[in-house]
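Read the structure below first, then the notes.
The values are calculated or read from the model by the stated rules, or taken from the named source; none is laboratory data. Since this is a predicted model, take the numbers as computed values, not measurements. So basically every Cβ, Gly included, is an ideal-geometry build from the backbone, and we count neighbours across all protein chains shown. The accessibility values were calculated without ligands, DNA or RNA, using every heavy atom of the protein model including side chains. Shrake-Rupley method; radii C 1.70, N 1.55, O 1.52, S 1.80 Å.
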Amino acid sequence: MKSLRSCRVMNVFQDAVCTLNTLQTNASALEQVKRERGHPQLQLQAMRGFLQRAGLKVEELDRLNIIHVTGTKGKGSTCAFTEQILRKYGFRTGFYSSPHLVQVRERIRINGLPIGKELFTKYFWQVYGRLEETKDAQISSMPAYFRFLTILAFHVFLQEKVDLAVIEVGIGGAYDCTNIIRRPWVCGISSLGIDHTSILGDTIEKIAWQKGGIFKLGVPAFTVKQPDGPMKVLQERAEEIGCSLSVCPDLEEYESEGSLSLGLTGHHQRSNASLALQLSHTWLQRHFLTGALYDVFTGLAETEWPGRNQTLQHSPVTYFLDGAHTTRSMLACVRWFNEVTPQHERNAGGSVVRVLLFNATGERDCAAMLKLLVPCHFDFAVFCPNITEAIATCNADQQNFNVSVENMLSRCLDNQQSWRVLNGQEEKPEAELLIRGGLPLVAERHTDTLVFPCILSALQWISQGRDSVLSDPNKCVIPVKPSINTKAAPLREAVSIHVLITGSLHLVGGALKHLDPSLNS
């Protein structure tokens, strides 16, 4: 009986996710986005309309006691630190973030955990049903994917009566759909850099202007140390809007109060932790609450945020996962990788083969990111699209209908060629991209670089049957040509294999789907 009920829950959950996925390619929604691009203020106007149609009022969001966080790099980690600290104080927390790694419900968390499949399904159909019911001859559109999830998160947090909600901005700030929030309790801006230039602007100053758009009159705001140009813009934005803006101190300045360790590795996490300390402290202060430093320090030490500077040991294969997808975040990723791998290599007690598994999406400068990875001296560079499996069992949570398979594979081949050029290898003729009869099993151009059609086939080739999780009989083993297996001899003979998976959070999420089965439950 229990298994039947579990199947039923899973089926209705998947129905909800598949319906949600239709909002990725909703024709009227895409047309609406095009119209609004030249008039970004219309985005917030449209969001208010969708919120109202879903049966919510902007005024109701004031009850959520929101902490609103934006930035280019580290905003998710900052939110994770902040949520964990306040949860250690005993508060019931809501946390909205993006993107998800394995399952879409990861984006909406209660007390640090993704909402259950039953709750997700229940609240999904409540919101979706209301939006469907309010369509008429004049109003026929549905909100696009991210807008819908934002409305759903607000609805969940209100229904579940959280004490506070940590809300991560999607893109930018000023015109992001989360910015319908009127009265957050405190705002934060993590490290700034160049990303989403077609939407936010092509200079870091223009991007800073967009990020500063989350400031609200009389609401305290904090930021980490920024370059002079964007810092000046943020200060001007704060003055114009009418709020205080403070720069967070270095984390070392807190350590006089006691020993401080972080649950997230990487030097760049120190500024994210400092920002989280200021945000959580300000929230507590404004609620006339104080607490023991033990809760603060324990919160920082116990914070988990998968896919960011994460290490998974599946002896003899060790995976280093980081969703870096800008040049600045890739610099931080390389620094972290170079910090953690020497100890792992010493512990291996023998030969180690290094493998890069890379993909990047959108408008990002892949060549610039790959250039930063060259000094890591990988023995193999493997490229694949953000497709979890090349067979029909792919989880609906990981489907993306906005990019064609052809485009994704072409991008991988471009990345492979960039890697060859960066490593000074002679250019060879273009590999034939065969897609008419289905996905190609392997496209190759050089012995040390390979392109695979999906994440699972790439991981299985890299691990060469030496990772018991990937050797699970329930996982389909995708055959490759004998010549490709011949190239894998160093992987079979090495004492250890070290794999860096980076370039895209979607790639990292797809890898975790296979490498950490607990995330699929």
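List the trypsin sites (Lys or Arg not before Pro) in region 150-243 that DSSP assigns to loop (not H, G, I, E or B) and whose Cβ has at most 14 other Cβ atoms within 10 Å. Which are they? Before the final figure, lay out the partial values.
Numbers: sites: 161, 182, 206, 211, 216, 225, 232, 237; in loops: 161, 182, 216, 225.
Here the sparse-neighbourhood loop sites are 161, 182, 225.
Tell me, in nm to one decimal, what length is gained between residue 183 and residue 413 on full extension, where the rule is 0.36 nm per residue of separation less the Cα-Cα distance?
Values: separation 230, 0.36 × 230 = 82.80 nm, distance 4.72 nm.
In short, 78.1 nm is gained.
Would you kindly find the accessible area of residue 389, with a 1.4 Å probe and non-protein molecules such as ligands, DNA and RNA excluded, rounding to the nearest 10 Å²?
Near enough 20 Å² of accessible area.
Give the residue list of trypsin sites (Lys or Arg not before Pro) in region 452-518 that are DSSP loop and have at most 16 other beta-carbon atoms within 10 angstrom.
Those that pass, being in a loop and sparsely packed, are 475.
Just need log10 I(q)/I(0) for the chain at q = 0.13 Å⁻¹, Debye formula, equal scatterers on the alpha-carbon atoms, no solvent, rounded to two decimals.
-1.39
Under a crude label model (7 Å from the Cα following the beta-carbon direction), how far is residue 315 from residue 425 in nanometres?
With each label placed 7 Å out from Cα toward Cβ, I get 3.3 nm.
Largest first, what is the accessible-area ranking of 461, 209 with a 1.4 Å probe?
On the way: 461 10, 209 95 Å².
Of 461, 209, the descending order of accessible area is 209, 461.
Between residue 338 and residue 521, what is the label-to-label distance in nm when each label sits 7 Å out along the Cα-to-Cβ direction?
That separation, rounded to one decimal, is 4.0 nm.
Please give, to one decimal in nm, the separation of the simple spin-label points placed at residue 368 and residue 111, each 7 Å out from Cα toward the Cβ.
4.4 nm
Let a ≥ b ≥ c be the square roots of the eigenvalues of the Cα gyration tensor of region 38-302; is it rounded (a/c under 1.5), or, if not, prolate (a/b larger than b/c) or oblate?
Oblate is the answer for region 38-302, as a/c is 1.5 or above yet b/c matches or exceeds a/b.
Check each of the GluC sites (Glu not before Pro) in region 59-165 and keep only those in coil by DSSP with at most 14 other C-beta atoms within 10 angstrom; list them in order. Mind showing how you got there, number by number?
On the way: sites: 59, 60, 83, 106, 118, 132, 133, 160; in loops: 160.
Here no loop site has a sparse enough neighbourhood.
Give the lysines whose C-alpha is closer than 26 Å to that of residue 513, dropping any in the same chain fewer than 8 places away, or say none.
Result set, ordered by chain and number: 2, 73, 75, 117, 122, 475, 481.
So what does residue 72 come to for accessible area, using a 1.4 Å probe and Å² rounded to 10?
For residue 72, the solvent-accessible surface is approximately 20 Å².
Take the alpha-carbon centre of region 359-391, take the same for region 234-249, and report the distance between them in whole Å.
Spelled out, the Cα-based centre of one part sits 37 Å from the other.
Applying the Karplus parametrisation 6.51 cos²θ - 1.76 cosθ + 1.60 with θ = phi - 60° to the phi angles of region 81-91, what ³J(HN,Hα) value in whole Hz is obtained for each residue in order, glycine and proline being reported as x?
4, 4, 4, 5, 4, 6, 5, 5, 7, x, 7
Please turn the phi angles of region 99-110 into ³J(HN,Hα) values with the Karplus equation 6.51 cos²θ - 1.76 cosθ + 1.60 (θ = phi - 60°), one per residue in order, whole Hz, x for glycine and proline.
x, 8, 8, 10, 10, 4, 5, 4, 5, 10, 10, 10
Can you tell me the orientation of helix 228-241 relative to the chain, as the angle in degrees between its alpha-carbon axis and the longest Cα principal axis, to the nearest 10?
30 degrees
Taking the Cβ of residue 71 as the center, what net charge do the other residues with Cβ under 13 Å away carry, scoring Lys and Arg +1 and Asp and Glu -1? Present the calculation step by step, with values, prior to reporting the outcome.
Details: positive: 73, 75, 211, 225, 328; negative: 168, 176, 195.
Local net charge: +2.
Calculate what fraction, in whole %, of the accessible area of the chain sits on carbon and sulfur atoms when a 1.4 Å probe is rolled over the protein chains. Mind dumping the intermediate values first?
Numbers: 11500 of 21880 Å².
Here it works out to 53 percent.
Can you tell me the relative contact order of region 38-302? Whole percent, Cα pairs under 8 Å, sequence separation 6 or more.
26 percent
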